[in-house]
1. Looking only at the range 119-132, decide whether some residue is under 28 Å from Leu181 (Cβ atoms), open to solvent by 70 Å² or more (accessible area, probe 1.4 Å), within 16 Å of the ligand (Cβ to nearest atom) and not acidic (Asp, Glu).
2. Could you list, in sequence order, all residues of the range 189-205 that are open to solvent by less than 10 Å² (accessible area, probe 1.4 Å) and more than 14 Å from the ligand (Cβ to nearest atom)?
3. When the range 250-288 is examined, which residues are found to be more than 15 Å from the ligand (Cβ to nearest atom), of a type in the set (A, V, I, L, M) and surrounded by 14 or more Cβ atoms within 10 Å (Cβ to Cβ)?
4. Give just the number: which of (1) open to solvent by less than 10 Å² (accessible area, probe 1.4 Å); (2) part of a strand (DSSP E or B) does Ala168 not satisfy?
5. How about the range 1-53: which strands (runs of 3 or more DSSP E) wholly inside it have at least 2 residues that are touching a helix residue (DSSP H, G or I) at 6+ places or on another chain (Cβ under 6 Å), more than 16 Å from the ligand (Cβ to nearest atom) and open to solvent by 80 Å² or more (accessible area, probe 1.4 Å)?
6. Can you name the residue in the range 206-237 that is within 11 Å of the ligand (Cβ to nearest atom) and part of a loop (DSSP other than H, G, I, E, B) and is also surrounded by the fewest Cβ atoms within 10 Å (Cβ to Cβ) among such residues?
7. Just to be sure, is Ala90 open to solvent by 20 Å² or more (accessible area, probe 1.4 Å) and either in the same structural domain as Glu150 (by TED's automatic domain parsing) or in a helix (DSSP H, G or I) (or both)?
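The values are calculated or read from the model by the stated rules, or taken from the named source; none is laboratory data. Source: prediction; values computed, not measured. Quick reminder, even Gly has a Cβ in these numbers, built from the backbone with ideal geometry, and neighbours come from all protein chains shown. Surface accessibility is based on the protein's heavy atoms, side chains included, excluding ligands, DNA and RNA. Shrake-Rupley method; radii C 1.70, N 1.55, O 1.52, S 1.80 Å.
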Amino acid sequence: MAAPTLPMDDRDGLIWFNGQLVPWREAKVHVLIHSLHYGNSVFEGERIYNGKVFKLTEHSRRLHKSANMLAYELPYSIEELDAATRLVVAQNKLDSGYVRPLAWRGAEVIGVSAQGTKVHVMIAAFPWGAYYEQKAIRLVTSRWKRPSPESSPAGSKAAGLYIICTLAKDEALAAGYHDALMHDYKGRLSEATGANLFLVINGELHTPTTETILNGITRLTVMDLARKRGIKVVEREIYPDELARASEVFLTGTAVEVQPVAAIDQREYPIGPITTQLQADYAALVRS
Ligand SMILES: Cc1ncc(COP(=O)(O)O)c(C=O)c1O
């Protein structure tokens, strides 16, 4: 990700914070908030195209689901979150950019139990360009594995799960790659640190099942686009030896959009026709 031009805590603008629009620099929390200590905040990442958030309601719905999977309820309905997001995008006069909603448990109590905490929500929106600077990126297989669904709620976009992603991503960057590809606890291919994985094998799209990954909104969108083009989509367990069979590899995600992969470890891939087609279809859809 390109470094932001301004520090995230020191810029002009308004943040929607528990129902109010608050000046950017004043949107602060206490050091004893439960989620800071125990990792149970949940968040979303959304993109703005032509002044509108793509798949806004799907993201608001997933924020609710993420919190529910961590056994709490948000104090705002999906409709209220949608309206708050539209307001904050308009107030910050953003034609394109990124939205970061976050929900967390407050500082009312300390301890592993979150009983007695209040749930807070904020929505920030800011300008943001391409996630990667490269047309096609190089991935390295990470030593960090996505955990079993019995050990973590993979379908929740929960902050705590991102410790694995941050470790994997920073090790990849330090080794000179653009991102990491993670396997799961069974040694199957899973996802990158902020995006889902697709392989093109014999003209079909193959992608891991959702057991240990975040079921991306972009993933589902691109699967739909592929089917509309008559491309068969196969969700299944995929083991790393199958990377040798792939003629194209790409990632999908709100931030990365449809991102060609040039290499995984030592193996190289071209930017192929299916990736190029789906990239164009996605770019057209988000702006339509
Ligand atoms: C770990 C992980 N996987 C996949 C995705 C892609 O999800 P989406 O397409 O909903 O942005 C993201 C981004 O949110 C992510 O952080």
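1. No: the range 119-132 contains no residue that is under 28 Å from Leu181 (Cβ atoms), open to solvent by 70 Å² or more (accessible area, probe 1.4 Å), within 16 Å of the ligand (Cβ to nearest atom) and not acidic (Asp, Glu).
2. Within the range 189-205, Leu199, Val200, Ile201, Leu205 qualify.
3. Answer for the range 250-288, where residues must be more than 15 Å from the ligand (Cβ to nearest atom), of a type in the set (A, V, I, L, M) and surrounded by 14 or more Cβ atoms within 10 Å (Cβ to Cβ): Ala262, Ala263, Ile264, Ile271, Ile274.
4. (2)
5. Where strands (runs of 3 or more DSSP E) fall fully within the range 1-53, none carries at least 2 residues being touching a helix residue (DSSP H, G or I) at 6+ places or on another chain (Cβ under 6 Å), more than 16 Å from the ligand (Cβ to nearest atom) and open to solvent by 80 Å² or more (accessible area, probe 1.4 Å).
6. The residue in question is Asn215.
7. For Ala90, the condition - open to solvent by 20 Å² or more (accessible area, probe 1.4 Å) and either in the same structural domain as Glu150 (by TED's automatic domain parsing) or in a helix (DSSP H, G or I) (or both) - is met.
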